[in-house]
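Peer 1: This is the structure I want to talk about, given as structure tokens.
What follows is calculated from the coordinates using simple rules that are stated; it is not laboratory data. What you see is a predicted model, and the numbers here were worked out from it, not measured in a lab. Ideal geometry is used to build each Cβ from the backbone, glycine not excepted, and the neighbour counts take in all protein chains shown.
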Amino acid sequence: MTESHLGRGEGEAGEAGYAIQIDGMVKRYGRTLAVNNLSMNVPRGSIYGLVGPNGAGMTTTIRTLATLQRPDTGTIMLDGIDLITDPGAVRDRVGYIPDAFGVYDGLTVAEYLDFYGASQGVPARRRRTLCDELLELVDLEDKHTEPVTALSRGMKQRLGLARCLIHDPTVLLLDEPASGMDPRARIELRDILGELSRMNKTTLVSSHILPELAAMCTDIGIIRAGEIIAEGPVDDVVAALSPAARVRVTLLRPEQIQLAERALASDPRCHRIERDDEQTLVAGFAGGDEELAALLAGLLGHGLQVTQFTLEPGTLEDVFLTVTELAEATT
Amino acid sequence: MILTPVGTALRNPITGRELRRRMRGWLPIAVICTSMALLGAIALGFLVRHAGPPVGQTSAVGVQLFQALAAFQLILILLLTPASTAGAISGERQRETWDLLLVTRLSTFGIVWGKLVAALAFNLVLIVASLPIFGPAFILSGVGPDVILHVYVVYLATVLLLGTGSLLVSALTRRPAVSTIVSTAVALVLAVGLSLLAASLDHWGTQQYSLPGPAGPQVLPLPPLNPLAQLDPLAALASALPGTSGGSYLGGLASVHHAFGLPVTMQLWSAYAILATGASFFILVLTVRVARYAPGWTRRGVG
């Protein structure tokens, strides 16, 4: 279905292949500085995760990109269009899901989508087919005649996704889209976003759930106190900023665990050694493949019977904690 | 295609959706039926009370009936127009659907206009539905069609003025309950408060123009009708009705000698209609200006 409608996204390349470029954006609410000289670049076709603590400026950034408020200073280009001077053209290219969105009582699911289709200027003859296709995409095809208010929160979120796709935008702005969704719905959302990304649609998504972002995003920006403090492809950011990978060692015999602890402690590349259970140790590890092989050889050299030896890369959670703590320490 | 304001006004999806929402369920039917029942009861009560009047008094009874119905209809408009309009934008904010409208291709004017048309449509239905109830008064009093027309012009101007005013209040508030209370208060102040104030000022003005004469004090007619009356729906209605006198407030006249502060003479009801329409246009423009970036509402976005 998506081939027939959701084709826009290719072409119209912005500068350097970025769908969104923000430079030096500042936004104040009275005395409160919500966004402080924020700059970020969202590659075209990416799923860009915006992550930060509460009050970091994520919602303000997304609402500004949705043209719901004006920045005090700074430049914002979306699909090569200046958001400040031509917000109408930006609206034409943006689909927006707020963190909390309401629905109209007294409207059915089909009427709801039809209304937004009409509001987005979709011709009446196309709207019916389009609504069917979008409801199928978000797995709500059997809810046409249901009142919108009768849908669960997860269903409403999926309906919101269908709504924001109805005018075939090139950029999707999703503020906490998975909030309230059950695990199955989250997996489906991830699949839908992946599908849209393959069609070169760009998605900017904010969330506090870091494993979820790590699973669905290609790029990430960490925001703190209204500033982007780290940005790039997820793997690159994690590799560059993760404090350390972790090595997990499982022994055959529990009585060898103290010996294993001493062996790990004697290796300068290991730190923060912790017992996971009576046969398993987890330790922070800083080194490459050769150092890892040497560590295993050393453990075996101590006569330890190792049944499992795995290297766990750093997680987005580690990176987030490290980066935000570092930023707090320097301010 | 970006919808132009004119195109939006002609084919506005907001209007369609609002009408669908407003006209569904039992409430709109109940409001219309109750209003018509009250008007009908007044008409019936009048006819029963003045059953079989002597020939020659029939016309006077008919005029009184027409006055009573016209006044009651205006009171209904004063109460129902704010109630049906004031939640138009604040209700969207409370439901958290306002932002979703603002990010569509509809212009802010298109959204506000669609809201206004839908809200006023309900009031227009009420006004049109009342026409048959005026029938007996029309037959008994011999009131001409021109008078009916004048009265309905006052109604339409009042609906437009209160509708746009309530929409502006709605754009400036978050809760429909607050906007409804404020809008109704403004409507009552406009009708009752303005009448009282204007009458007081007029009385004071009349005293200033009283001169002693050979047959007692001579009250000179006020050259300009009190300017406040030009924005007063009750005064405008009184001037449009047959056989009414506004007393010193209207100066016993139905004409404004200095309409809008200019040396122009016209009927008070027509001066009111022109002024109310102009004010409505100004308020509509103001509402469009504040609806998108209403001060204070973007603060919710911190985060």
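Peer 1: With +1 on each Lys and Arg Cβ and -1 on each Asp and Glu Cβ, and nothing else charged, work out how big the dipole of segment A:127-227 is about its Cα centre, in Debye to the nearest 20. Please report the intermediate quantities before stating the final value.
Peer 2: Details: 13 positive and 17 negative charges, 38 e Å.
So the dipole magnitude of segment A:127-227 works out to roughly 180 debye.
Peer 1: When chain A is treated as a GNM, springs tying every alpha-carbon pair under 10 Å, which of A:Cys217, A:Cys270, A:Cys164 comes out with the largest mean-square fluctuation?
Peer 2: The residue with the greatest mean-square fluctuation here is A:Cys270.
Peer 1: Continuing with the same structure: Among A:100-111, A:119-130, B:104-115, what's the highest-first ranking by average C-beta atoms within 10 angstrom per residue?
Peer 2: Values: A:100-111: 18.1, A:119-130: 16.2, B:104-115: 22.9.
In descending order of packing, they fall as B:104-115, A:100-111, A:119-130.
Peer 1: Remind me, relative contact order of segment A:188-331 in percent, using alpha carbon pairs under 8 angstrom and six or more residues apart?
Peer 2: On the way: 176 pairs, mean separation 40.0, N = 144.
Once normalised by length, the contact order is 28 percent.
Peer 1: Still on this structure, I have one more. Sort A:201-208, A:39-46, A:59-66 for me by packing, meaning the mean count of neighbouring Cβ atoms within 10 Å per residue, highest on top.
Peer 2: Top of the packing list down: A:59-66, A:201-208, A:39-46.
Peer 1: Can you order the peptides A:149-160, B:70-81 by their average number of other Cβ atoms within 10 Å per residue, highest first?
Peer 2: Values: A:149-160: 18.4, B:70-81: 20.4.
Going from most to least packed, we get B:70-81, A:149-160.
Peer 1: For chain A, what relative contact order do you get, as a whole percent, if you take Cα pairs closer than 8 Å and at least 6 residues apart? Numbers along the way, then the final one.
Peer 2: Working: 616 pairs, mean separation 67.5, N = 331.
In percent, rounded to a whole number, it is 20.
Peer 1: Can you run phi through the Karplus equation (6.51, -1.76, 1.60; θ = phi - 60°) for segment A:316-321 and list ³J(HN,Hα) in whole Hz, with x for Gly and Pro?
Peer 2: Working through the residues one at a time gives 4, 4, 4, 4, 4, 5 Hz.
Peer 1: Which lysines, if any, have their Cα less than 30 Å from the Cα of A:Lys156, not counting same-chain residues under 8 positions apart?
Peer 2: A:Lys143, A:Lys201, B:Lys115
Peer 1: Same structure, new question: For segment A:207-331, take the convex hull of the Cα atoms, compute a quarter of its surface area, and give me that in nm², please. All intermediate terms of the calculation are to be shown ahead of the outcome.
Peer 2: Numbers: hull surface 35.5 nm².
The directionally averaged projection comes out at 8.9 nm².
Peer 1: Taking each residue of B:12-20 in turn, how many C-beta atoms of other protein chains fall within 10 Å of its C-beta, and what is the average? Walk me through the numbers before you get to the answer.
Peer 2: Working: counts 2, 9, 3, 0, 4, 10, 1, 0, 5.
That average works out to 4.
Peer 1: Once segment A:272-317 is represented by equal point scatterers at the alpha-carbon sites, with solvent omitted, what log10 I(q)/I(0) does the Debye formula produce at q = 0.23, 0.29, 0.30 Å⁻¹?
Peer 2: -1.01, -1.36, -1.37
Peer 1: At 0.36 nm per residue, and after removing the present C-alpha to C-alpha distance, how many nm does the segment from A:Asp23 to A:Asp142 gain when stretched out fully? Provide the component values of the computation, followed by the final result.
Peer 2: Numbers: separation 119, 0.36 × 119 = 42.84 nm, distance 4.44 nm.
Extra length from A:Asp23 to A:Asp142 when fully extended: 38.4 nm.
Peer 1: For peptide A:112-124, what's the mean number of Cβ atoms from other chains within 10 Å of each residue's Cβ?
Peer 2: On the way: counts 1, 0, 3, 7, 6, 2, 9, 15, 6, 9, 1, 1, 2.
Mean partner shielding for this stretch: 5.
Peer 1: Considering the convex hull of the alpha carbon atoms of segment A:244-313, report its projected area averaged over all viewing directions, in nm², one decimal. Walk me through the numbers on the way to the answer.
Peer 2: Numbers: hull surface 15.5 nm².
With the hull built on Cα positions only, its mean projection is 3.9 nm².
Peer 1: Bin width 10 Å, origin at 0, all Cα-Cα pairs of segment A:15-232: what percent of pairs per bin?
Peer 2: Per 10 Å bin, starting at 0, the Cα pair percentages come out as 8, 35, 36, 18, 3.
Peer 1: Give me the inter-chain shielding for A:97-107: mean count of other chain Cβ atoms within 10 Å, whole number please.
Peer 2: Numbers: counts 2, 6, 3, 3, 5, 10, 4, 9, 4, 7, 4.
Per-residue shielding by partner chains comes out at 5.
Peer 1: Rounded to the nearest 0.05, what FRET efficiency do B:Leu197 and A:Arg272 give with R0 = 60 Å and r taken as the Cβ-Cβ distance? Could you check?
Peer 2: Numbers: r = 79 Å, r/R0 = 1.31.
After rounding to 0.05, the efficiency reads 0.15.
Peer 1: Also: Evaluate E = 1/(1 + (r/R0)^6) for A:Glu255 and A:Ser179, where r is the Cβ-Cβ distance and R0 equals 51 Å; express this FRET efficiency to the nearest 0.05.
Peer 2: Values: r = 48 Å, r/R0 = 0.94.
Efficiency at R0 = 51 Å is approximately 0.60.
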